[in-house]
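The values are calculated or read from the model by the stated rules, or taken from the named source; none is laboratory data. The shown structure was predicted, so the numbers you read here are calculated from the model rather than taken from an experiment. Reconstructed Cβ throughout: ideal geometry from the backbone, glycine too, with neighbour counts over all protein chains shown. Accessible surface areas use protein heavy atoms only, side chains included; no ligands, DNA or RNA. Shrake-Rupley method; radii C 1.70, N 1.55, O 1.52, S 1.80 Å.
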Amino acid sequence: MTERPSAGVRRALSLLVGIGLLTAVVWRLGLTTFLQALGELPLGVLPLAVAIGAVPPVCYAWRWRRILELADQPISLVDALRVTVAATTANYLVPAFGWAPAKIVLARRWLRMGVTQTVPSVVLEQLIDLTVLAVLAGSGLVLIGKLPIPLRSGTFAVFAAVVVAVVLLLGVLGSVVRRGRLTGMRRMLSVSWLFVATMLGDPLVWSATAGRWAAELFVLGLLAALSGLQIGWAGLIVLLAVPALAGALVPIPGGIGIREASGVAIAAWLGIDPAVAGAILVWHRAVTLLGLAGVGVVSAVAGEARP
């Protein structure tokens, strides 16, 4: 009977797969062509791009803090930043969704928060972001005409009826759970209901989510414009959302290689320069990581300065 590889070995193997995929993408594009595309970006704009790249982790931490506040578990923004930055960094060491257990462990160690307090919040965060990315990807594809959907009144009526039915169903199930029935489904139903109620009812969660993805889109658009990539807003949305969605779902740490490979494939599909698109995605990753590092330094100093 063969032994299963340890978690550390599996993480290392998945990371090697991602690096190998990224190497294959660069090889397919041509190393010289890819390096030339990387070098076309004016370095003087990087401080501005990094400053904008610091916005997503701040919005991310602010949203998590608000979700916990709605669940009667208030924490300070500095603590939310510290945990968010550390968990996001850990995402590059573990497969997809690995930031979630890291966040739970760090919240317990640093903030003395129990698992039952943090699990619903991180599940909710992932559901929100996956939903936003799916909507963005679908909207971008519709706008560029690659996935035409007839915009008839009947389409909207059916969609509205489905949304209302889901909300009512979750409401009824939530009521049943509160009366002590279906106890085995209590956690799943409460998380589902919290997801719907939060998404539809809290403007601060919406604002933080919109701020995060707007900043990501703005950084990508800035890099695309400076690199001379001929792409409209619809294509830019697809170039942001589809690779991010693929990177979030494929079990490779940080989505390394997956995001770049899917972005290059999308660029070829849209008829734009794949080498420039790949270079932009690499710069986008670098800029957002530098922004994350900056936020991490500031939050660490602020945490140490507190009495």
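What to note about this one:
- Seen from Leu281, the other residues with C-beta closer than 10 Å to its C-beta sum to a net charge of +1, counting Lys and Arg as +1 and Asp and Glu as -1.
- Calculated FRET efficiency for the pair Val135/Asp72, C-beta based, R₀ 22 Å, to 0.05: 0.15
- Of the listed residues Val55, Val135, the order by accessible area with a 1.4 Å probe, largest first, is Val135, Val55.
- Net charge over other residues, Cβ less than 13 angstrom from the Cβ of Val55 (K, R count +1; D, E count -1): +1
- Shown are Glu69, Glu216, whose ranking by accessible area with a 1.4 Å probe and every protein chain present, most to least, is Glu69, Glu216.
- Net charge over other residues, Cβ less than 12 angstrom from the Cβ of Val85 (K, R count +1; D, E count -1): +1
- Trp233 versus Phe218: modelled label distance in nm, points set 7 Å from Cα along the beta carbon direction: 1.5 nm
- Percent of Cα pairs exceeding the 16 Å cut-off, where the set is segment 198-248: 50 percent
- Fully extending the segment from Asp202 to Gln36, taken as 0.36 nm per residue of separation minus the present Cα-Cα distance, adds 55.2 nm.
- Remark: spin-label model distance Ala293-Val115 equals 3.5 nm, labels positioned 7 Å along the Cα→Cβ axis.
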